[in-house]
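The values are calculated or read from the model by the stated rules, or taken from the named source; none is laboratory data. Being a predicted model, the structure only gives us computed values, none of them experimental. Counting neighbours? That spans all protein chains shown, and the Cβs are built from the backbone with ideal geometry, glycine included. Areas reflect the complete protein model, heavy atoms only, side chains present, ligands, DNA and RNA absent. Shrake-Rupley method; radii C 1.70, N 1.55, O 1.52, S 1.80 Å.
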Protein chains: 2
Amino acid sequence: MGRKAQFTKNQFVDAALKLAAEQGPGAITMGSIAGQINAPIGSVYHRFASREILLAELWLRLVESFQQGFLEALDQGDGLQAALHTLNWVRKHPNEGRVLLLYRREELTSGEWPDEIKERARQLTQELDKGLRKFTRRLFGRVTKKSLIRITFTLIDVPYAAVRRHLQAGRLPPVSVDELVRKTYLAILGRYL
Amino acid sequence: MGRKAQFTKNQFVDAALKLAAEQGPGAITMGSIAGQINAPIGSVYHRFASREILLAELWLRLVESFQQGFLEALDQGDGLQAALHTLNWVRKHPNEGRVLLLYRREELTSGEWPDEIKERARQLTQELDKGLRKFTRRLFGRVTKKSLIRITFTLIDVPYAAVRRHLQAGRLPPVSVDELVRKTYLAILGRYL
DNA sequence: CCCATATTAGAATATGTATTCTAATATAAG
DNA sequence: CTTATATTAGAATACATATTCTAATATGGG
């Protein structure tokens with residue numbers, strides 16, 4: 001049944017990731033994706049109905065990759081580990097890190113998503129929300145808007161801030177930022193440990 | 001001499017700012033800028049040699065606006081005030097804040113800049129760098145790479161992190177974030193006060 | 001060996017938008 | 001009143017890139 005495939009979905013997504021990490025999302029065109037692995041443009045469209053969908057796939061992959069370890073740490077009640085996860089993840093996945101942390105979702109893919117993809121995205125968001133709420137309850141006893149902001153700030157926003165500038169400059173975050181994240185964590189949530 | 005002008009440079013830049021703040025940088029086209037104030041496209045080009053240059057102008061305006069108050073606080077040796085300046089500035093200038101803090105420079109204007117603009121940008125960067133170094137020396141006695149990272153993290157990156165999520169959601173940062181920035185400041189730099 | 005079909009191949013088309021160009025218009029200066 | 005010119009006006013053009021289309025090609029099943 002049919003010719004043997006020469007290019008897989010993953011190869012195209014990988015190519016897009018590489019382009020985005022090295023030259024920014026603007027460099028991702030259907031032509032450049034194909035060119036990256038010497039595929040014809042037709043083959044890209046054979047795998048993905050549109051550019052939007054290919055990029056949505058890439059985005060989901062990044063979020064899933066990041067979120068897994070983050071939620072694992074959270075689930076074990078280890079908030080500091082969760083906060084440091086951003087740093088470790090970025091160091092282990094530099095390209096993924098650059099794209100997920102340097103660009104907004106809308107910069108990659110801003111059009112309409114098909115239902116299947118919307119559903120996967122919704123699920124990821126919900127998982128994260130659930131994990132954060134559970135951890136908040138564990139720490140504070142209850143979940144208020146303010147306590148959620150506090151937790152989100154400490155576990156997500158601050159690590160992100162600590163890393164962004166270095167990714168922007170094309171480097172990995174230096175070891176000294178770990179200490180900054182740790183200190184901030186203790187300052188904001190320390191008394192609840 | 002010549003016909004009386006109906007549209008000024010500033011009007012076009014304002015229009016671009018409004019578009020970016022409300023619909024993202026992608027919504028800034030020469031047509032939409034003109035449309036925003038019912039001007040003909042030709043008039044935009046009469047004021048700006050290119051889209052790039054118009055957007056560079058916008059970007060410089062944002063940075064200048066933000067940086068002024070920040071450097072004033074720094075100059076007075078008031079680091080906490082400098083850290084809180086991001087919050088105050090964003091609340092006072094919501095549109096400017098959204099665009100400066102939600103999008104990267106390259107997302108607005110990524111092409112080549114003429115020398116005059118490059119020079120203004122260089123000067124702004126240098127001013128900031130100088131202010132940060134001066135403050136670092138004042139606080140630590142000397143300026144090392146690590147101490148600069150520490151200062152930058154506390155005065156710029158953390159306030160940015162505290163604000164970003166709320167701007168992204170289309171709101172101004174709630175008052176509770178001030179406390180988070182203050183706590184972080186004290187945790188990281190408090191002992192040097 | 002033949003067929004159905006998954007895949008490659010890339011040329012043709014569509015579209016959105018920046019930029020250029022030509023003409024019309026108003027105003028100040030003399 | 002005439003003229004020079006800054007500005008408006010918007011149509012024509014250029015260009016990049018997503019998408020579509022038609023044809024060729026290989027491969028497993030019968």
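As a test of the definition: with a 1.4 Å probe, what buried accessible area, both sides summed, do you compute for A against B, in Å² to the nearest 100?
Answer for the A-B pair: about 2600 Å² buried.
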What number, in percent, do you get for the relative contact order of region B:1-48 if the mean sequence gap of Cα pairs under 8 Å and at least 6 apart is divided by its residue count? 38 percent
Once you compute Rg and the Kirkwood Rh from C-alpha atoms, what is the Rg to Rh ratio for chain B? 1.04
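Considering only DSSP states other than H, G, I, E and B, which trypsin sites (Lys or Arg not before Pro) in region A:127-162 qualify as loop sites with at most 15 other Cβ atoms within 10 Å?
Answer by residue number: A:142.
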Filter on A:92/A:134; A:183/B:183; A:92/B:183; A:146/B:183; B:118/B:146 - keep pairs with C-alpha separation over 19 Å: A:92/A:134; A:92/B:183; B:118/B:146
Could you tell me the relative contact order of chain B? Use alpha-carbon pairs under 8 Å, at least six residues apart, and round to a whole percent. 22 percent
Along each of its three principal axes, how wide is the spread of alpha-carbon positions in region B:1-48, in whole angstrom units, largest first? 38, 17, 15
Assume the label is 7 Å from Cα along Cα to beta carbon: what separations in nm does residue B:120 have to the matching positions in the other copies? 4.4
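For the protein assembly as shown, what is the accessible area per residue in Å² when the probe is 1.4 Å?
Details: 19380 Å² over 386 residues.
Computed with neighbouring chains in place, this is 50 Å² per residue.
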Label point at residue A:112 placed 7 Å out along Cα→Cβ; residues across region A:37-62 whose backbone nitrogen lies under 17 Å: A:49-54, A:56
Phi-derived 3J(HN,Hα) across region A:52-58 with the Karplus relation (6.51, -1.76, 1.60, θ = phi - 60°), rounded Hz, x for Gly and Pro, is 3, 5, 4, 6, 4, 4, 4
If each label sits 7 angstrom from Cα along the C-beta direction, how far apart, in nm, is residue B:179 from its counterparts in the other copies? 2.9
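Just round it to a whole percent: the fraction of Cα-Cα distances in the protein assembly as shown exceeding 27 Å.
Cα-Cα pairs of the protein assembly as shown separated by over 27 Å account for 56 percent.
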FRET efficiency, residue A:123 to residue B:46 (Cβ-Cβ, R0 56 Å, nearest 0.05): 0.60
Mind giving me the FRET efficiency for residue B:92 and residue B:9? R0 is 25 Å, r the Cβ-Cβ distance, nearest 0.05 is fine. 0.60
For residue B:145, give me every one of the aspartates and glutamates with a C-alpha distance below 20 angstrom, ignoring sequence neighbours fewer than eight places off in its own chain. A:178, A:179, B:127, B:129, B:157
Per residue of B:153-166, count partner chain C-beta atoms within 10 Å of its C-beta, then hand back the mean as an integer. 5
For region A:59-192, which whole-number percentage of the solvent-accessible area (1.4 Å probe, protein heavy atoms only) is attributable to carbon and sulfur atoms? 49 percent
Using bins 10 angstrom wide from zero, how does P(r) for region A:1-91 break down, in % of all Cα pairs? 16, 38, 23, 17, 6, 0
